[in-house]
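Peer 1: Starting off with a structure, shown below.
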Amino acid sequence: MTRVFATVTLVCLLASGSALAGISQNWGVISTAGDPDPVTAFDLNNPGASNVGLGFVDGNFNRGMDFYGESQFYYYVSTDSLNQPGDRGLWRWDNNVNAQLFNTPFSDSGDGDATLSNDYSRFFISTDDGDSTSGDSIYVFDNLGGAVTFAEIGETGLSQLIGIAMDPLSGLLYAYDSGTEALYTISTTNAAPTLVGASGVSLGAIGGMDFSADGSTLLLSVAGDLYKVDKNNGQLTPSGDVGLNVSALSYRVPEPGTLTLLGLGALALLRRRPMAWRGS
C-alpha cells in the first residue's frame, strides 16, 4: 500500500534546473530541527551561509537518504518521535510530496544510514534490527519502481554505522563506524566488513555520508560538522559546519538539462541516472 503525505508548509523550492547552474547547493540533508524534519540544500564551499530550504519529510528519526534528482530522493525512517509503527520504513520524496513505499517493524532511534546502488535499482540501509545478534545489519529494498521487497543482506558486527555510501566509480559500498572510528568496505552479498583505516577522530552516533556523482568527494556529516573522507585510508578532513543537526546526507543529482553545464563530469553522472520512476 502506498501512503501519501503532502506538507502544506513549504520553506522554499528551488526552481527546476537552477540548483546546479553556478556555484550551487549540490548537497542536501535531513535535519532534526523540527517535526516534521526539514530538508535543506547547501553549497559545500560555503556550508551554513548557503543553506536553502526544500521542504519537509514525513515525521522524524529519518536515518538515511539518497537523491536521484535535484528534487527527488528515497529515505529510511527507523522510528519516529511518537514511536508510531506505521511511519517506519522506505519513503520517497518528490518535490515535497512524501509517499511511503514499504513498512518495516524495526524501532531503532540511534545510528543508521542509507544509499542507492549505482543503477538506482536497490536501496541499502544500515540499522539495528533488534535481533539476538548485537550490532548493525545491512538490509536492502529492491524493485523500487514496483512492488518493493525487503531483505537482510547480513550482520556487520559493527555497532554504530552512521554512514554508508556506494562509490559511483568502483561500485564498492563504504561505511563509517563511529564505534571503532574507522572506515570499512561492506560486502553487498553478506555484509562482511573489511577495514580500510581508522580516522583517529572521535565522532557522534548520528550522521550521514555520500559520494559526489563523479566519485571525487566522500562526505560525512556528524551533528552538522562536515568531513571529507579519504576512501583509501579513512582519514577525515574537516570541511565546515552546515549549522544543522544532520540525520541524513546526500549529494543532489542534477537533472538531465544541467548535464551540459557539467562537461565531462556528466559522463560519470550518466551511469547513475535512473529510468523514470513508475509509481506503485
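The values are calculated or read from the model by the stated rules, or taken from the named source; none is laboratory data. For clarity, every value in this text was computed on a predicted model and none was experimentally measured. Please note: Cβ atoms are built from the backbone with ideal geometry, for glycine as well, and neighbour counts cover all protein chains shown.
Peer 1: Tally the residues that are of a type in the set (A, V, I, L, M, F, W, C), surrounded by 16 or more Cβ atoms within 10 Å (Cβ to Cβ) and either modelled with pLDDT of 90 or more or in contact with a His (Cβ under 9 Å, 6 or more places away or on another chain) (or both), restricting the search to region 92-107.
Peer 2: Selection size over region 92-107: 4.
Peer 1: Of all the residues that make up region 144-167, how many are charged (D, E, K, R) and assigned to a loop (DSSP other than H, G, I, E, B)?
Peer 2: Adding up the residues that qualify gives 1.
Peer 1: Which numbered condition trips up Q160, out of (1) surrounded by 14 or more Cβ atoms within 10 Å (Cβ to Cβ); (2) modelled with pLDDT under 95; (3) farther than 18 Å from Q235 by Cα?
Peer 2: (3)
Peer 1: Considering region 38-61 alone, what residues qualify as being within 12 Å of S247 (Cβ to Cβ) and modelled with pLDDT under 90? Can you show your working first?
Peer 2: Our first condition is that a residue be within 12 Å of S247 (Cβ to Cβ); within region 38-61, this holds for 38-40, 57, 59-61.
Within region 38-61, G59, N60, F61 qualify.
Peer 1: Next question. Please go through region 130-169 and give me each residue that is over 20 Å from L90 (Cβ atoms) and within 16 Å of the chain's Cα centre (by Cα), ordered by number.
Peer 2: Those that are over 20 Å from L90 (Cβ atoms) and within 16 Å of the chain's Cα centre (by Cα): Q160, D167, P168.
Peer 1: Something else: Looking at (1) surrounded by fewer than 22 Cβ atoms within 10 Å (Cβ to Cβ); (2) over 18 Å from Y68 (Cα atoms); (3) not basic (K, R), find the lone condition where S126 falls short.
Peer 2: Result: S126 passes all but (1).
Peer 1: Whether any residue in region 183-192 is modelled with pLDDT under 95 and under 28 Å from S31 (Cβ atoms) is what I want to check.
Peer 2: The answer is no, given that none of the residues of region 183-192 is modelled with pLDDT under 95 and under 28 Å from S31 (Cβ atoms).
Peer 1: Additional query: Has region 168-189 got at least one residue that is within 19 Å of T104 (Cβ to Cβ) and in a strand (DSSP E or B)?
Peer 2: The answer is no, given that none of the residues of region 168-189 is within 19 Å of T104 (Cβ to Cβ) and in a strand (DSSP E or B).
Peer 1: Count, please, the residues in region 123-141 that happen to be over 19 Å from Y174 (Cα atoms) and touching a residue at least 12 places away in the same chain (Cβ under 8 Å).
Peer 2: Let us first name the residues in region 123-141 that are over 19 Å from Y174 (Cα atoms), namely 129-134.
Filter again for touching a residue at least 12 places away in the same chain (Cβ under 8 Å), leaving 129-130, 133-134.
Qualifying residue count, region 123-141: 4.
Peer 1: Something else: Restricting to region 61-75, and then to whatever is in contact with a strand residue (DSSP E or B) (Cβ under 8 Å, 6 or more places away or on another chain) and over 11 Å from Y251 (Cβ atoms), can you tell me which residue is surrounded by the fewest Cβ atoms within 10 Å (Cβ to Cβ)?
Peer 2: Applying the filter and picking the extreme gives Q72.
Peer 1: Just to be sure I understand, how many residues within region 192-243 are more than 18 Å from the chain's Cα centre (by Cα), within 25 Å of D119 (Cα to Cα) and part of a strand (DSSP E or B)?
Peer 2: The total comes to 3.
Peer 1: Output the residues belonging to region 189-239 that are charged (D, E, K, R) and in contact (Cβ under 8 Å) with a residue 60 or more places away in the chain.
Peer 2: Within region 189-239, D210, K231 qualify.
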